[in-house]
Amino acid sequence: MPPQKACVFCGRYDGLSKEHLWPKWMGEYLPLSEPNAHISELHSGIAKQLRTLQRRSERPGPVQTKKIRAVCSRCNNSWMSALEEEAKPILLRALTSQGLIVGPSEAERLSKWAVLKAIVGEHASGDHLTPADDRSNFRSMQAIPSYFRVFANMHASTTQAAYVRHSATFSLTLNGPKPSLPKGVNRNVQLTTLLVGPLCLHVSATRVDGAPNGLLDPVRPMACLHPISSATVDLGLIPVLTDIDLHLNSRAIQRLIDHPRVKYGGELPVP
Ligand SMILES: [Zn+2]
């Protein structure tokens, strides 16, 4: 029998429930065709040894049916459902209108929702990035870890619901990553792309000391929701992302690994 898994947020061994990554209410707003399947991609690698498309699954059903067993029902029914409720009016506006205008508090609520999806999504496989202490702080205070950045823009792709994650382990020194990877954590850069109807959310996490700010920022225009720098974000003022733009933005980790100054290769030292 496999060992019982603890809730990734509260650490309790109360039994995990298989939870929908996407809230159920969203189903009626998202077309179930084009394609009537969801694609989950996980690209990961160590230093330059990227294993492209390490895992790709196409499930007969929309991304709304994607379920992950990582969270206990107590977390799911308390602070997580509160966070979902707070984001719902903003997501509904994005789903039912041509654009989206958000002030700083709404940008923060939408960012927390996107970071929640990114952290839960990390646990669909064995390659996660966010250390337990940061997950615990996210549960108790909804504090977004300092190494997360969230961007948003509308897109013109026919794909209306998608979840794509890229992750890798990256070091700026020959002695391995700084900070070193805590027990059980084996990734330190990650990009999660979420398509929610016509809205695209780009959630990057770079847990590497000395890495340039914006290492995994989108190359095609998106507004930064977290950390926010302006009073109002109006996505109607930015050119809508095309399929090519979406592809280029989601390739940030590949660009990083391809960079001529990324030299460290081989297995990571064991801490
Ligand atoms: Zn829990």
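The values are calculated or read from the model by the stated rules, or taken from the named source; none is laboratory data. Small disclaimer: the values here were computed from a predicted structure and weren't measured. Glycine also receives a Cβ, built like all others from the backbone with ideal geometry; neighbour counts cover every protein chain displayed.
Assorted remarks:
- Of all residues making up the stretch 125-145, the number that are more than 16 Å from the ligand (Cβ to nearest atom), modelled with pLDDT under 95 and not hydrophobic (A, V, I, L, M, F, W, C): 3
- Note on the stretch 128-143: residues that are part of a loop (DSSP other than H, G, I, E, B) and at negative phi amount to 5.
- Whenever a residue of the stretch 168-196 is surrounded by 20 or more Cβ atoms within 10 Å (Cβ to Cβ), its partners that are modelled with pLDDT of 90 or more and among the hydroxyl-bearing types (Ser, Thr, Tyr), lying with C-beta atoms within less than 6 angstrom and at least six residues away or across chains, give the pairs VAL189/THR206; LEU191/SER204.
- Any hit, the stretch 30-47, residues being modelled with pLDDT of 85 or more and either over 23 Å from GLN142 (Cα atoms) or more than 19 Å from the chain's Cα centre (by Cα) (or both): no
- Set side by side, the residues SER167, SER157, SER171 differ, and just one is in a loop (DSSP other than H, G, I, E, B), closer than 22 Å to CYS224 by Cβ and of a type in the set (Gly, Ala, Ser), which is SER157.
- Residues that are free of Cβ contacts under 8 Å to residues at least 40 places away in the same chain and in a helix (DSSP H, G or I), drawn from the stretch 81-101: SER81, ALA82, GLU85, GLU86, ALA87, PRO89, ILE90, ARG93
- Selection of first residues in the stretch 133-147 that are farther than 15 Å from ASP209 by Cβ and without any contact (Cβ under 8 Å) to a residue 60 or more places away in the chain and of second residues that are surrounded by fewer than 17 Cβ atoms within 10 Å (Cβ to Cβ) and of a type in the set (Gly, Ala, Ser), restricted to Cβ pairs under 6 Å at least 6 apart or on distinct chains, gives the following pairs, ordered by first then second residue: ASN137/ALA143.
- Residue match in the stretch 102-124 (condition: among the hydrophobic types (A, V, I, L, M, F, W, C), outside any strand (DSSP E or B), within 16 Å of the ligand (Cβ to nearest atom) and free of Cβ contacts under 8 Å to residues at least 40 places away in the same chain): yes
- Just so you know, in the stretch 107-142 the residues that are closer than 24 Å to THR232 by Cβ and more than 14 Å from the chain's Cα centre (by Cα) include one that is surrounded by the most Cβ atoms within 10 Å (Cβ to Cβ), and it is ALA107.
- Total residues in the stretch 231-261, condition of a type in the set (Asp, Glu), touching a residue at least 60 places away in the same chain (Cβ under 8 Å) and assigned to a helix (DSSP H, G or I): 2
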